[in-house]
Amino acid sequence: MMNKYRLMSPGPTPIPPEVSAAGALPIIHHRTPEFGEIFTRVNENLKRVFLTENDIFTYAASGTGAFEGAVQNLFSPGDKVLVVNSGNFGGRWVKMCKAFGLEVTELKYDWGQKADNDEVAEALANDPEIKAAICVLSETSTGTVNDIQGFAGVTQGVVSIVDAVSGLGACELRTDEWGIDVVVAGSQKALMTPPGLGFVSVSEKAMRMHEQSTMPRYYFDWTAAKKAYEKDPAQTAWTPPVSIIIQLDVALRQLIDEGIENVFERHVLLGRASREGVKGMGLTLFGPDEDLNSAVTASYIPEGIDGKQFVKMLFREHGIQVAGGQGEMVGRIFRIGHCGYFDAYDIIATIAAAELALESLGHPVELGKGVGAAQRVFSKSGAVA
Ligand SMILES: Cc1ncc(COP(=O)(O)O)c(C=O)c1O
């Protein structure tokens, strides 16, 4: 049987055909009015997705690069920072902050658990020298989404930094309304664009902290980025990946046309249907069963099944690329990504293939039970009439 390739990973994610086609357009020079017009529109539309009036700097880098830039631009060696760590990416920011000589207070949670914002508040109250607090919106390694509105509420006395690499455009995030100083994102997830761009939104408060920072930096220097950003038309400080920015322009316009509130709602449905599908086929969810988790669905691999083999089989025999577990969850969970260009039928196909793969691996499964559960979420919502 011919298999159609379906990329169901939490990043990189599939991109709309119009975005693919835009990548084939001729390269234009980046110091021209033509590029400036596109980049100015991209900046305006990014603000509409970040829900902010803050400046958003765009780098030729993945999300990790934009995050590294934030650390370099905000801190001085020896500064104190609070980092919430409830998975692979929280853990990465702990390591990165330490690599840059920061003194890290780590608030550690089991993988799959959410951060407790009362504990964040307590940790900050216990050490008034802490200058900034970091939390991940959607912890992609577990599928769990943190309460960032609550986090922002208790971190108003410091600079708040949110890793929204997999969350931006998939999970509700209201940068200005909630008062988040720095939001980091990447192009390759819910922004429906190829990998290669990293973004950071910077509040005036964060910019003031930046002005005091003595950390060495060059490529990611926010002052250089701001100078270029404020040109008319807007520019990047260094040569940008022109094609990816042209692709992002198309993707952002699609998101704006759909309406950002509708985009959030679509992701809530995709998450709910995935969770119902997983439970319907008799598997156990990893992490809380709640609508907040709208970017990634993580499920335990049933006892007796080799997790890596299951993920391989879904790809080789069904054309469906989901993600396995990371770090301590390698081989124990699988993750369905649904942040970005995904619809109801992507989820239904994935659940259908997972049922078939489990059956062929000898796990007792009633074909169609998970599929039916996922379908009912969409039919109840009126999303597929
Ligand atoms: C929550 C989160 N943070 C950070 C990253 C790192 O981003 P990148 O791989 O773009 O460097 C990822 C990538 O999967 C992520 O999901």
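The lysines whose alpha-carbon is closer than 18 Å to the alpha-carbon of residue 131, local same-chain residues fewer than 8 away aside, are 80, 95, 98, 205.
In a solvent-free Debye calculation with one equal scatterer on each Cα, what is log10 I(q)/I(0) for region 164-217 at q = 0.13, 0.14, 0.18, 0.23 Å⁻¹, listed in the order of the q values? Here the Debye-derived log intensity ratios amount to -0.40, -0.45, -0.69, -0.91.
Packing around the peptides 215-226, 283-294, taken as the average count of other Cβ atoms within 10 Å per residue, puts them in this order, highest first: 283-294, 215-226.
The slack between residue 262 and residue 103, meaning 0.36 nm per residue of separation minus the straight C-alpha distance, is 53.2 nm. The ranking of 97, 135 from fewest to most other beta carbons within 10 Å of each one's beta carbon is 97, 135. Taking the average, over residues, of other Cβ atoms within 10 Å as the packing measure, peptides 319-332, 82-95, 65-78, 180-193 rank 180-193, 82-95, 65-78, 319-332 from highest down.
Could you tell me the center-to-center distance, by alpha carbons, between region 98-123 and region 227-261 in angstrom? Here the answer is 33 Å between Cα centres. Counting only DSSP beta bridges with both residues in the chain, tell me the antiparallel percent, nearest 5. In the chain, DSSP labels about 50 percent of beta bridges as antiparallel. The C-alpha atoms of the chain define a longest principal axis, and helix 344-360 lies at about 50 degrees to it.
Take the Cα pairs of region 316-385, get the Kirkwood Rh, then feed it into Stokes-Einstein at 37 °C and 0.692 mPa s and tell me D in µm²/s. So the translational diffusion coefficient is about 245 µm²/s. With an a/c value of 1.5 or above and a/b not larger than b/c for the gyration tensor axes a ≥ b ≥ c computed over the alpha-carbon atoms, region 1-144 is described as oblate.
With neighbours defined as other Cβ atoms within 10 Å of a residue's Cβ, the residues 345, 5, 300 order from fewest to most as 5, 345, 300. Per the Cα gyration tensor, region 259-381 maps to an equivalent ellipsoid with semi-axes of 23, 16, 13 Å, ordered largest to smallest. Here the simple spin-label model places points 7 Å from the Cα toward Cβ, and for residue 359 and residue 309 these points are separated by 1.9 nm. Rounded to whole Å, the principal axis extents of the Cα atoms in region 179-243 read 35, 27, 24, largest first. Helix content alone sets the calculated 222 nm mean residue ellipticity of the chain: runs of n ≥ 4 DSSP H residues at -39500 (n - 2.57) each, divided across all residues, give -13500 deg cm²/dmol. With angles folded into 0 to 90 degrees, how steeply does helix 260-280 sit against the dominant principal axis of the chain? Use alpha carbons for both and round to 10. Roughly 40 degrees between the two axes. Treating r as the C-beta distance of residue 21 and residue 122 and R0 as 56 Å, the FRET efficiency rounds to 0.60. For region 1-60, the spherically averaged projection of the C-alpha convex hull amounts to 6.5 nm². For the pair residue 149 and residue 253, label points projected 7 Å from Cα toward Cβ lie 3.3 nm apart.
Cβ crowding within 10 Å, taken as a proxy for footprinting-reagent exposure, orders 176, 232, 127 from fewest neighbours to most as 232, 127, 176.
Using the average count of surrounding beta-carbon atoms within 10 Å as a protection proxy, the listed peptides 145-156, 202-213 rank, highest first, as 145-156, 202-213.
Rounded to the nearest 10 degrees, the inclination of helix 117-126 to the longest alpha-carbon principal axis of the chain is 30 degrees. Taken over region 17-257, the ratio of Cα radius of gyration to 2.2 N^0.38 Å equals 0.98.
Read the figures in this text as sums done on the coordinates, not as results from a lab. All values derive from a computational prediction rather than experimental measurement. Don't worry about glycine lacking a Cβ; one is built from the backbone with ideal geometry, like all the others, and counts go over all protein chains shown.
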